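*Asks:* The structure under discussion is supplied below as structure tokens; questions concerning it will follow.
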Amino acid sequence: VFRLGEGAKLQDAIDAAQHGDVILLAPGTVFNEAIVLRAKQGSGWITIRTDAPPTPIGERVALADTARFARIYRPNNSGATIETEPGANGYWLVNL
């Protein structure tokens, strides 16, 4: 489990993570960096989510709920915030 707060580099945690790992982002934290989901060997999920109880499956998220979510922004809003390498799979992003 990786726990990231203000000032942490999300891309470093993604690069170090292996299938089965969970990356927990502090609620309300803003990560001002574009990220790349890399192709990795193995199977299973790499979960990236806000470190709070996730929204139950099948339940819609209200706008008011999003205040507690971690946020990922690309600096200067130039291009995609989240990109994938060819062959990347097994990532689960929750409540971001």
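The values are calculated or read from the model by the stated rules, or taken from the named source; none is laboratory data. These numbers were taken from a predicted model, which means no experiment stands behind them. Note that we place each Cβ from the backbone using ideal geometry, even for glycine, and neighbour counts take in every protein chain shown.
*Asks:* Among residues belonging to region 21-42 that are of a type in the set (S, T, N, Q) and loosely packed, with under 15 Cβ neighbours inside 10 Å, point out the one that is farthest from residue 66 (Cα to Cα).
*Replies:* 41
*Asks:* Of the conditions (1) part of a loop (DSSP other than H, G, I, E, B); (2) crowded, with 18+ Cβ neighbours inside 10 Å, residue 18 fails just one. Which one is it?
*Replies:* Looking at each condition in turn, residue 18 falls short on (2).
*Asks:* Among (1) within 21 Å of residue 81 (Cβ to Cβ); (2) surrounded by 14 or more Cβ atoms within 10 Å (Cβ to Cβ), there is one condition residue 45 misses while meeting the rest; what is its number?
*Replies:* Residue 45 satisfies all of (1) within 21 Å of residue 81 (Cβ to Cβ); (2) surrounded by 14 or more Cβ atoms within 10 Å (Cβ to Cβ) except (2).
*Asks:* Something else: Only one residue in 66, 84 is surrounded by 12 or more Cβ atoms within 10 Å (Cβ to Cβ), at pLDDT 95 or above and not hydrophobic (A, V, I, L, M, F, W, C). Which one?
*Replies:* On the way: 66 fails: at pLDDT 95 or above.
Criteria check complete, one pass: 84.
*Asks:* In region 39-96, which residues are in contact with a strand residue (DSSP E or B) (Cβ under 9 Å, 6 or more places away or on another chain), outside any loop (DSSP other than H, G, I, E, B) and either free of Cβ contacts under 8 Å to residues at least 40 places away in the same chain or acidic (Asp, Glu) (or both)?
*Replies:* Correct list: 83 only.
*Asks:* Among (1) within 19 Å of residue 7 (Cβ to Cβ); (2) touching a residue at least 40 places away in the same chain (Cβ under 8 Å), there is one condition residue 24 misses while meeting the rest; what is its number?
*Replies:* Just one mismatch for residue 24, condition (2).
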